[in-house]
Every structure is written in structure tokens, then in C-alpha cells.
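Asker: One structure, as C-alpha cells, below. Some questions next.
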Amino acid sequence: MAKVKVATAWLDACAGCHMSFLDLDEALIGLANAIEITASPITDIKEFSPVDVGIIEGAVGNAHDEEVAKNLRANCKILMVWGDCACFGGIVSMRNLFTTEEVLQRYYSTESTAKGSNIPSSEDLPPLTEVKPINQVVKVDCYVPGCPPSSKAIHYALTELLEGRIPILPSEIMRFD
Amino acid sequence: MNDITLTINGKQVKGKAGDTVLEICQANSIDVPTLCHLEGLSDVGACRMCVVEIEKERRPVPACTYPARDGLVVKTNTERLERYRRQILELIFTEHNHFCMFCEQSGDCELQKLAYRYQMDHVRYPYTFPSLSVDSLSDYLVIDHNRCILCGRCLRACSEVAASHTLSFSQRGWKTLVSADLEQSVGESSCLLCGACVQACPTGAIFNKINLYKGKTDECQQIKTVCPACGVGCELNALVKDNNLVRIEAPSLVDPRGALCRIGRFGLLEPTPPRITSPLLRGGQGELEECSLDSAVEVIGMRLAAAKGNFAGMISTRIPNEILSLFNKFISEVVGSDSIDTLDGESYRIISEGIKQFQNNGKGLGIECPIESILEADCIIVVGADPESANPIVSTLVRRAVSQRKTKLIVIDPSRDVFPLWTDLWLKPRVGSEGVLLSGLTKVLIDKGLVVPEKTKAELVQSVGGYEIGEVVRTTGIEKERLELVAEIYGRAECGVIIYGEELLKRHDASLVTTILNLANITGNQVGDKLRVISLKPCANSRGAWELGLAKGIKQDKPKALYLLLADELVGDELLSWLRRIDFLVVQASYHSPATSIADVVLPSPIWAEREGKYVSMDGRVLESKQVLQLKDGLPQDREILIEISKKLGRELS
């Protein structure tokens, strides 16, 4: 049987969901027989080709995130999102409580340890936008919440997909933290 | 109440007329999700999680507020209802900040549990991200408005359980907030810090500030025991993880004695002075040095023998009956002294003398009524007592009576009104003139004919005969009209309760107690063989110790030697300066304190949570306390130390 093609993307988030995926440990070997990862922050391949399953970690926090989300959506049959940021907005959406200026000012004037740190400005930098969960930008087919989702939850979701079912996490596995 | 029959989910179930649909569901183990409902509080139908379908109703209705009727046909679990419930959850999640990963209550949150139950893996509505404040100025609790779902459980707990009425909703619509008084910080409001709201809050909107992140409910063992903080004798639920006290909760918000106060819920968790972890002996250099229990016992044995009976014992009344009895035996049989007292013995001697003088009464403290009588009162007189600081649950009961029954509250106190927001009348007699005031009040009651004639003995009439009203007014500084008004209110009350306490006992005048008992007696404020009078007692087991006869009093002005079993109590300055005059002082205590620093021998002692035994509440209930924490580092129980010393003296103590 041909392997299921999967592409993953990492948007506005901490990478914890991908870490949790790697935490599958020996179960990864079994999955490797069933899926092929064509693009992922883990492989550092960022160009999407058409895949069966697209996976997004993180919320949409700037114009670039939005473009990636739309691009992956266009290239996949089923879009799954991982983690509270992608499902709900999560911790990164806390900045929605403030204006972008306030957030940048706070970061570059008090938190950043970089020398002579000024708010960077360049045409190449995508401006920050209001943080949104993925389903407010593109259609999402299944959700794996958690901060990060446990590797058990990720494994459950992937296995369900491989069995041909759209996964909804059972209450016992679902966690928001 | 008549039985009614309903059909719920196709099954016939019985209930009582007057029950809500939710109550009948719960009584019949039919699961209906709830969020704003909490046992012990009134229902308001705020959250709509408990919506059910009722035949002939046009739309779903909240089960918690819908009165059940005979013949109702109810459905609780249709696909439509489950869809609505999930939708309600999604809307709640979009309204404020309900991201769990940085919430203290994650794992203990009812909103989160419901979201898991309804497999809420995403939200279909835009989030509102309102910018709300966090109020952490209070000593014991934090209000994080971002976590609030406006279910109103906290405000109902504040008014119905604590009777404090501090919390309410302010603003309207989207802007609605739980607010203390008029949008004040809770630390600066009329909040009494009882923490009923903390326990009632289903989310992380109001939480306990002093034991953050110590453990979740599921990780804790729960042990029901007796609160050691005062004589009310509340039951408390101690949550323990890895031999650490994580949290204290009220086992029930329904029972007034289970509501807990700031001391029981938070005070017991506060940092304590360093523990005594080993026996200490004053060495050659005059410094306290660690020593073995054996050598400490040796020194005590020697000095005991040398003191030849000029040796006294004193004990804290935070200690349960078993150790009190053993200590009594230790002093009388092993030490051979009849000089024994409790730290609060003086209060006892005044109260018991006052009761004895009252018609030669031999019943002792049994003449006082249970504190629940306060809830039935239509007039309460608080004289020389500060229940909010001494026995906060008593003050809760007073506030409940005033707010629920429009009870008249009269405070008699020379210096301050102890219920500033609640008092109807504050009489401010000159210091020391309370006796004249109370006797004057007795006379006014008699003169006005507001007394039960057969209970008003001629001797009493004669003894207050001299309290001519003009003289009473001059001595006390209280206007005649106010005195008469108090007489009218108390005299005409169906159920008048008098509460007195420490401030009054400070006058060292037993006749004040007698006068109070007389007042209750002549006005017919009697239930069975008890008068509606309550004396506030300072410690958890004051009454137990007093009734066991430990408050005999120290016979000598200055005994040669004193054995002070202090446990986890601390001593005041007055006692401390008396202790300084004693040649040989043994202090058995849980904590390092000024008292241990002047002792010749210091012995360790468990704290309340490390012991078990019987307590007697201030109104005579016998309560069984459980050991909540294990003693660390092989520290002995008080019992073992007393037995060791007795052995050294060649006596057996059991």
C-alpha cells in the first residue's frame, strides 16, 4: 500500500506540538511504515506539494502564517491542527489583549536581551496581525487540542486517520494543558 | 410534601412537590450537566447548561429553576440539548480568557471538565479578548476577571453562606463583572476573607492565594477533621499531598458550622514560626542546646523531685481531651501538685462563678444554648464580645440572622461597634459601667412589665431596685430613650440571644455574667433547660479542658517550677512576663517563640494536624478530630513524653 503523504507546518507557536509528535518514540517506527512526511519543520522542508494530510501547529499571527495556512490547505485533502494555539488561539493569542505597538514596545524595550534592540522594520518582515485560531482562516477537518497535545493524543489522531476516520479525541484523552 | 411522578427520559421517577426538575434528576441519578448550580446555594439558571426539554414547553428550560409538577414529561439528553450545551460552552470560552495552560485551576476546573465531556476541540465563534483586571491585593485570594464565567456562585456564596454581601455584579451586559462592594479591590472592601467564594468558584476566577500550585484535588488525600482555630468546632476537609497540607475546604456549604472562616480556611495554611525539632536544654553558657529526650527528661525529673510539689502545670486548650486528661493526671499524680491551669482558665473561673451565682445553678456551662439559636433570633445583643475576631462563624450566624430574618442587632461596647455595617443600635457605655447598664436594663424591663412574672424573683427585683434610671444614665452615659428602646426590642423579642465574650470577661466580674443570665431568664429566653446566652470561648477545646477540671488555677503567686504544654499556641505578653519570673520552666511546644526562648527545657510537640482526639465545642458538642499529617523526623507525641518523664520519676502514667 502506498504511504499516506503528510506535510506539517509550524506557525505562531512554541514547537511543543512537534516535540510531542517526536515523543511518540518507538511508535514513530510503525508510523514511518505508513506515512511519508514530505514537508515539515523537522525535515526543514518548507515547500508544500500535494499531500493527503496537512498538519498545522500554531495560530495565525501574521500575514506569512496566513499564507502558509492557505497554501497547505490548498495542497491537502484533510487538514488537521495540533495544539491549543491552532485550535483556540492559545497562549500566543494573549497578545490580542494589547495593541501590536504595545506588544512590540514591551518586548524590545524590556524583555529582549539582544544588544541595542530596536523594533525591527523591513519590508521583508510580515506585519503582526490579530492572533486567530486556524479555523478562522481556513477550513479545518480535525482538531487535536492540548498544550502540547500528549503524544498519545497525536498517536490516536494519526491512527484514526490511517483507519479512514476523522478523529475526535475522546474525553479521557482530550486535555487543554 | 406530596409525592409527584414525572417521566424523565422515558422512565417514571418520583419526587416531592416543590422540588426542581434538577433536584429530581439528581435524586434519581439522572446525569444533567450543571455549572452555575452548587449544592447549598439558591439556583438562578444563569449558565443554561442544565437545559432540558419539557413536553408542551416551547423551548428548552433550565432544570435547576424549573419547578417539577406531577405528570411532567422531561427529556435531558436529546441530540438537540447536547448540541445546545456544547454551543453554550463554546460561547463561554469566547467570552473571557479561558486558556487553560496558564491557569492555576487547570485540572480542578468545572468548565474545563465540561469542555472535555462535550469534546469541545474547537470553537466556532470569534473570541472577544476583553481586557480585564486581576485583583490580587487581598491577603488570601485572587480575583481574575479574565477567568470568570459570571455564573454568580461566588456572590451567592458571599450572601447566602458567608452573609457578607460583599460580592455582587456590577455593570451590565458584556461589561458585567463580579465586584467587591462598589468595584473596590477585594483587599480594601468589606470582604471578611472567609473564602466561601473561592470554594464556590467553578473556574480559576477566584482562587486561594497562599497555596498556589501545591496540588490538584485528584492528587490529594481528603481527611475530615475538626477545625482547631476556635471553639465553634467546624468540620473541615483537609487536602493532603505528600504529607503537606495543600488546601482546607468546607465539607458542606449548607451546614453553618461547616462554612469555615478566614482562620480555618486560610490562616491554618499560613507560614508558621520554625518548628521545635528536638528537645533543648539550657547549657552552661546559658544557651539552649539540642539534647536527647533522655537527658531532657533526666533534668526535668531531677528538678521535679527537688521542687517538692511547688510545681505547677499549665496547658493550652487547643489540645484534645485525651492529652488534657493525661496532663491532669501527670500534674496531680506524678508531680503531686494541685496547681494546674489552662491558658484561658481565668475566663472559665469568671463564667462558672457567674453561672453558679445565678440561682445557685449547678449545671455549669450546660446552661448555654447552641450557637445555631442565633439563626432563630429576632433580637441579638452582643456585649463585650468581638465574634468576628474570636469566633468568626458566630459572627456569620449573626449576619445571616440579620440579613435573612431582619433580626435586630444591638451591640454594647465602650470602644467600638463590632458589627459596623449591621448594627441597629450601638450602646457605648463608659468603660467599666457595663454592669450598671445591664442591671439598669433589667430594671427597665421589670418596670415596663416586659418580663415573665413567675421567673422574676423578688430578690432580683430588689437587687436592681437601686438602679434608678437617672443614675444609670449618668453612670453609663447612655440616653434614657436608647436604654428603653433596647428594653423594648429585647423584651418583646420572641427569641432574644445574648452573646458575651472576652472584652466583658476582662472586667473580672462574675456578676456581669449572672446579670446576663438573669436578663435571659426573666424575659423567658429559655429553650428546654438552656438559656439563650452564649459565651465566646477562645480555643478549640476550651470547654473540654474546663469541664475536665484543668482550669483550677495556679495556687502560688510564683511557683518554683512550671510545666507549660503549649503545643501550637502562642502566649501573650502578660503571661510571658509572669513566666519570666519562674525559676524552672519547661515548655513543650510546636514552634520556637518567646516562651520557648526563656525556657530551661524545651520539648517538641505536634501541631493540630499531627494529633487526634476529642474536642468539645463552645456549646458542648463532642467532636472527633483525625490526624491529618504524620509527625516528621521521629518526633514524639505529647503522650510519649509525659509517659517518659513519669517513668523517670518511678510512676506509671496511662
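The values are calculated or read from the model by the stated rules, or taken from the named source; none is laboratory data. The model shown is predicted, which means the values in this text are computed figures rather than measured ones. For neighbour counting, all protein chains shown are included, and Cβ atoms are generated from backbone atoms with ideal geometry for every residue, glycine included.
Asker: Would you pick out the residues in the range A:23-32 that are in a helix (DSSP H, G or I) and without any contact (Cβ under 8 Å) to a residue 24 or more places away in the chain?
Answerer: Within the range A:23-32, A:L28, A:I29, A:G30, A:A32 qualify.
Asker: If you don't mind, another one. Being outside any helix (DSSP H, G or I) and either within 11 Å of another protein chain (Cβ to nearest Cβ) or without any contact (Cβ under 8 Å) to a residue 60 or more places away in the chain (or both) is the filter; apply it to the range B:67-82 and report the residue that is farthest from B:A115 (Cα to Cα).
Answerer: B:P67
Asker: Restricting to the range B:263-279, count the residues that are within 15 Å of B:A200 (Cα to Cα) and surrounded by fewer than 22 Cβ atoms within 10 Å (Cβ to Cβ).
Answerer: 0
Asker: With respect to the numbered conditions (1) in a helix (DSSP H, G or I); (2) more than 30 Å from the chain's Cα centre (by Cα); (3) touching a residue at least 24 places away in the same chain (Cβ under 8 Å), which one is the sole condition not fulfilled by B:A609?
Answerer: The single condition B:A609 does not satisfy is (2).
Asker: Within the bounds of the range B:457-464, is there any residue that is part of a loop (DSSP other than H, G, I, E, B) and either at pLDDT 95 or above or under 18 Å from B:A520 (Cα atoms) (or both)?
Answerer: yes
Asker: Going by what's in this entry, would B:W546 be described as of a type outside the set (S, T, N, Q), more than 28 Å from the chain's Cα centre (by Cα) and closer than 29 Å to B:D386 by Cβ?
Answerer: no
Asker: Test each condition in (1) facing chain B (nearest Cβ under 8 Å); (2) within 26 Å of A:I37 (Cα to Cα); (3) free of Cβ contacts under 8 Å to residues at least 40 places away in the same chain for A:P133 and report the one that comes out false.
Answerer: All conditions pass for A:P133, except number (3).
Asker: Looking only at the range B:96-111, filter to residues that are part of a helix (DSSP H, G or I) and touching a residue at least 60 places away in the same chain (Cβ under 8 Å); which one of those is farthest from the other protein chains (Cβ to nearest Cβ)? First the steps, then the outcome.
Answerer: Of the residues in the range B:96-111, the ones part of a helix (DSSP H, G or I) are B:100-102, B:110-111.
Retained after the next criterion (residues that are touching a residue at least 60 places away in the same chain (Cβ under 8 Å)): B:110-111.
Working: B:E110: 13, B:L111: 10 Å.
Here the answer is B:E110.
Asker: Can you pull out every residue in the range A:78-101 that is within 11 Å of chain B (Cβ to nearest Cβ) and over 30 Å from A:Y156 (Cβ atoms)?
Answerer: If the condition is that a residue be within 11 Å of chain B (Cβ to nearest Cβ) and over 30 Å from A:Y156 (Cβ atoms), then A:R95, A:N96, A:L97, A:F98, A:T99 are the ones that fit.
Asker: Of the conditions (1) of a type in the set (A, V, I, L, M); (2) buried (at least 19 other Cβ atoms within 10 Å of the Cβ); (3) more than 7 Å from every other protein chain (Cβ to nearest Cβ); (4) assigned to a loop (DSSP other than H, G, I, E, B), B:L137 clears all except one; give me its number.
Answerer: Failed condition: (2).
Asker: Residue check, B:L132 against (1) free of Cβ contacts under 8 Å to residues at least 40 places away in the same chain; (2) of a type in the set (A, V, I, L, M); (3) facing chain A (nearest Cβ under 9 Å), all met but one. Which one?
Answerer: Failed condition: (1).
Asker: Filter the strands (runs of 3 or more DSSP E) completely within the range A:46-111 down to those with at least 3 residues that are within 13 Å of the chain's Cα centre (by Cα) and within 30 Å of A:V6 (Cβ to Cβ).
Answerer: Because the criterion is at least 3 residues that are within 13 Å of the chain's Cα centre (by Cα) and within 30 Å of A:V6 (Cβ to Cβ), the strands (runs of 3 or more DSSP E) in the range A:46-111 that meet it are A:51-57, A:76-82.
Asker: Continuing with this model, one more query. Hey, among B:D43, B:D19, which residue is touching a strand residue (DSSP E or B) at 6+ places or on another chain (Cβ under 7 Å) and either surrounded by fewer than 22 Cβ atoms within 10 Å (Cβ to Cβ) or of a type in the set (D, E) (or both)?
Answerer: Selected residue: B:D43, the only one of B:D43, B:D19 that is touching a strand residue (DSSP E or B) at 6+ places or on another chain (Cβ under 7 Å) and either surrounded by fewer than 22 Cβ atoms within 10 Å (Cβ to Cβ) or of a type in the set (D, E) (or both).
Asker: Here is a further query. Can you report the number of residues in the range A:138-177 which are of a type in the set (V, I, T), facing chain B (nearest Cβ under 10 Å) and crowded, with 16+ Cβ neighbours inside 10 Å?
Answerer: Counting residues in the range A:138-177 that are of a type in the set (V, I, T), facing chain B (nearest Cβ under 10 Å) and crowded, with 16+ Cβ neighbours inside 10 Å gives 3.
Asker: Let me ask something additional. Could you check how many residues of the range B:390-425 are of a type in the set (K, R) and either assigned to a loop (DSSP other than H, G, I, E, B) or more than 25 Å from B:S542 (Cβ to Cβ) (or both)?
Answerer: The number of residues fulfilling the criteria is 4.
Asker: Any residue in the range B:83-92 that is assigned to a loop (DSSP other than H, G, I, E, B) and surrounded by 14 or more Cβ atoms within 10 Å (Cβ to Cβ)? Step through it out loud before you land on a result.
Answerer: At the first step, the residues of the range B:83-92 found to be assigned to a loop (DSSP other than H, G, I, E, B) are none.
No, the range B:83-92 contains no residue that is assigned to a loop (DSSP other than H, G, I, E, B) and surrounded by 14 or more Cβ atoms within 10 Å (Cβ to Cβ).
Asker: Additional query: Could you tell me whether the range B:497-506 includes any residue that is over 30 Å from the mean Cα position of the chain (by Cα), within 24 Å of B:G354 (Cβ to Cβ), β-branched (V, I, T) and in the same structural domain as B:N391 (by TED's automatic domain parsing)? Walk me through it before giving the result.
Answerer: At the first step, the residues of the range B:497-506 found to be over 30 Å from the mean Cα position of the chain (by Cα) are none.
No, there is no match, as no residue in the range B:497-506 is over 30 Å from the mean Cα position of the chain (by Cα), within 24 Å of B:G354 (Cβ to Cβ), β-branched (V, I, T) and in the same structural domain as B:N391 (by TED's automatic domain parsing).
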